[in-house]
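J.: There's a structure below that I have some questions on.
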Amino acid sequence: MSNETERDGQGRELCHWADQMAARIIRERGDLPLYTCASGITPSGTVHIGNFREIITVDLVARALRSRGKQVRFIYSWDDYDVFRKVPANMPAQETLAQFLRFPITMVPDTTGRDENYARHHEMDVERELPRVGIFPEFLYQASRYRANRYAEGMRKALQNRDLIKWCLNAYRDDAHKMKDDDVYWPVAAFCRNCNKDTTEITGYDGEYGVSYRCTDCGHEETGDLRTSPEFKLGWRVDWPMRWNEERVVFEPGGKDHISPGGSYDTAKLVSKKVYGWDAPITMKYDFVGLKGVPGKMSSSKGKVISLVDALEVYQPEVLRYIFAINKPDHEFAVSFDLDVITMYEAYDRTERIAWGVDKAKSEDLYLKEKRVYALAQVADVPSVMPYQVPFRLLTTLLQTYSGDVDAVIASLGDVRPEQEETLRRRCACAWYWVNECAPDEFRFALRTDGSKADLSAAEANAVRAIRDEVLPVMDECAADKDLQQKVYDVATANGMEAKALFTVMYRVLVNKDQGPRLASFMRIIGREKLAQILSAY
């Protein structure tokens, strides 16, 4: 992105990469009545946060197109007629699932017992959660479409042009990997009608709709009709461009492994134009998403796989959208679950303040960019009232002080408006989850409210009593934390202690640890009444 804000032909700012891509789509494809943007995946296992990058990339571009007054169709294809090739480690009943290897994944049972089949289990995990982040694609189920013979003409065209497709597939291969002239190539495959496996080989084609195959596993032989038989499907390198034409797709991003020069996108682009007469959609490459500080509870059943459900436990939806919106798709980044979570919330809050004019941006261009990112990060429209901001770190302290009681936290803040409460409660839920499941041990604490006492020396106990009797009564008169902190320093000096040592004593008294939140602000959060109750034990 350049230092100055780019503009389109109508003078509108292109503050964000999604706006730049939308302008390019309109420029290259012209003024269309409908712009179809596509994404999709095989639901062969947990759909993880890396897969989510493709989904939200399309969503952001679709939003940018709509903001330019365009009608957009956002389709998401579940490639659930693909082969079940491997049993994921995080699914129950591994031996049962292993019996269905080589089956179409819609014929594999859901061993959790929740959904009608294995594919649907993973689809539902995503479909239930996407509305939480404001994404509403039109879902297409490829197993249903193939079984309903929707693609009979597309398969017939592929079979009739199999030599041309063979040439397209060879175009970007080196000599060692090219198919030879005498190699028999078939663009379609079949699931055996007898054993349901893909262990078949095509043995003949009548030039129209009749295709013969033999199963190398069970020996079954059959001739089927593409218009009525449900077992046939295209190989993915042909299936992909066939569906571009079928759905009139004009934009679809791809992972860097597919979009690299000479990769599957370049091959599909040839097939799309030469066989199906459709210009391949405009694309953009997206890089991988890493994970940092993965918490034990999240990874216990899924290894290194973090789903959208998992991420939303820690990040409120707007902040999760923000993470993907601020990173250009071709840049690799990591979603963090360690202390970087605090930093990410701080960055989002800073953008929010700039967008609402509370903080001033360094330049007009920066203001426009921050405002646009903030708008794209929202689940729906920008709220009519600025959300209530309480820093994430402070919120974790408040929640631990009040033992996770969100009502008590909101009451302690004192000035939360009713229209701000829902978003604040979402942030509280994320902060409480993060404290309990992700934060390092030294970050966690619980107030000592059970009447127990720390093991103190006589001098330490005297200093604690001095804070109780001399500092607490004047706490509310201290205008700033530094004033309250100074009174604690004064107690340390009067009792012949190093200030640091007294701080350690106070943390042991309050939370049974040697350290904790900044003491003066922490004392204010706890409040004079509760402090007096804890210190009364001494």
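The values are calculated or read from the model by the stated rules, or taken from the named source; none is laboratory data. These numbers come from a predicted model, not from an experiment. Counting neighbours? That spans all protein chains shown, and the Cβs are built from the backbone with ideal geometry, glycine included. SASA here: full protein model, heavy atoms, side chains in, ligands and nucleic acids out. Shrake-Rupley method; radii C 1.70, N 1.55, O 1.52, S 1.80 Å.
J.: Taking a probe of 1.4 angstrom, what is the accessible area of residue 228 in Å², to the nearest 10?
T.: Surface accessible to solvent at residue 228 totals approximately 100 Å².
J.: With a point put 7 Å past each Cα toward its Cβ, work out how far residue 309 is from residue 384 in nm, to one decimal.
T.: In this crude spin-label approximation the distance works out to 3.5 nm.
J.: Suppose every K and R has +1 on its Cβ and every D and E has -1 on its Cβ; what is the size of the dipole of the chain about the Cα centre, in Debye to the nearest 20?
T.: Value, rounded to 20: 500 debye.
J.: Moving to a separate point now. Dividing the Cα convex hull volume of segment 189-230 by residue count, how many Å³ per residue is that?
T.: Convex hull volume per residue, Cα atoms: 55 Å³.
J.: So, one more: Roughly how many debye, to the nearest 20, is the charge dipole of segment 206-308 about its Cα centre, given +1 on each Lys and Arg Cβ, -1 on each Asp and Glu Cβ, and no other charges?
T.: Value, rounded to 20: 840 debye.
J.: Counting pairs of Cα atoms in segment 32-189, how many percent are more than 22 Å apart?
T.: Value for segment 32-189: 58 percent of Cα pairs lie more than 22 Å apart.
J.: Continuing with the same structure: Distance between Cα centroids, segment 30-61 to segment 331-397: provide it in whole Å.
T.: Taking the Cα centre of segment 331-397 as reference, the centre of segment 30-61 is 24 Å away.
J.: In whole Å, what is the distance between the alpha-carbon centres of segment 180-255 and segment 500-530?
T.: Centre-to-centre (Cα) distance: 69 Å.
J.: Using only Cα atoms, locate the centre of segment 450-469 and the centre of segment 102-145, then give the distance between them in Å, rounded to an integer.
T.: First find each Cα centre; the distance between them is then 59 Å.
J.: How large, in percent, is the carbon and sulfur part of the accessible surface of the chain at a probe radius of 1.4 Å?
T.: Taking all protein chains in place, the chain shows 46 percent carbon and sulfur surface.
J.: If R₀ is 45 angstrom, what is the calculated FRET efficiency for the pair residue 32 and residue 411, using the beta carbon separation as r and rounding to 0.05?
T.: The pair residue 32/residue 411 has a calculated efficiency of 0.25.
J.: Given an 8 Å cut-off on Cα distances and at least 6 residues of separation, report the relative contact order of the chain as a percent.
T.: Dividing the mean separation by the residue count of the chain yields 12 percent.
J.: Same structure again: For the pairs 86/256; 292/500; 178/256, note any where the Cα-Cα span goes beyond 31 Å.
T.: Listed pairs above 31 Å: 292/500.
J.: Might you tell me the accessible area per residue for segment 160-296, computed with a 1.4 Å probe and given in Å²?
T.: So segment 160-296 comes to 48 Å² accessible per residue, rounded to a whole number.
J.: When all C-alpha to C-alpha distances in segment 310-363 are sorted into bins of 5 Å, what percent of pairs does each bin hold, rounded to whole numbers?
T.: So the P(r) values, bin by bin, are 4, 17, 26, 23, 18, 9, 2, 0.
J.: On full extension of the chain, what length is gained from residue 220 through residue 521, given 0.36 nm per residue of separation minus the C-alpha to C-alpha distance?
T.: My answer for the length gained is 100.7 nm.
J.: Looking only at GluC sites (Glu not before Pro) in DSSP loops with at most 12 other Cβ atoms within 10 Å, what is the longest site-free stretch of the chain?
T.: After excluding every exposed loop site, the longest remaining stretch is 333-497.
J.: For the chain, what is one quarter of the convex hull surface built on the Cα atoms, given in nm²?
T.: Value for the chain: 31.7 nm².
J.: Here is a follow-up. Starting from the Cα of residue 179, step 7 Å toward the Cβ, then list every residue of segment 197-226 with an amide N under 12 Å from that point.
T.: 202
J.: Taking the 0 to 90 degree range and rounding to the nearest ten, how far is the long axis of helix 118-127 tilted relative to the main principal axis of the chain, both from C-alpha atoms?
T.: 50
J.: Follow-up. Give, to the nearest whole percent, the P(r) tail of segment 406-538 beyond 18 angstrom, counting all Cα pairs.
T.: 59
J.: Are any of the pairs 70/157; 233/273; 157/285; 453/487 more than 26 Å apart by Cα-Cα distance, and if so, which?
T.: Those over the limit are 70/157; 157/285.
J.: For the chain, what does the helix formula give at 222 nm: sum of -39500 (n - 2.57) over DSSP H segments with n ≥ 4, over the residue count, nearest 500 deg cm²/dmol?
T.: Value at 222 nm, helices only, nearest 500: -13000 deg cm²/dmol.
J.: Also, I was wondering about something else. Which lysines does residue 362 reach when only Cα atoms under 20 Å apart count, and residues fewer than 8 places away in its own chain are ignored?
T.: Counting by Cα, and skipping residues close in sequence, residue 362 has these lysines nearby: 371.
J.: Right, here's the next one. What percentage of all Cα-Cα pairs in segment 114-259 are separated by more than 26 Å?
T.: Every Cα pair in segment 114-259 considered, those over 26 Å come to 38 percent.
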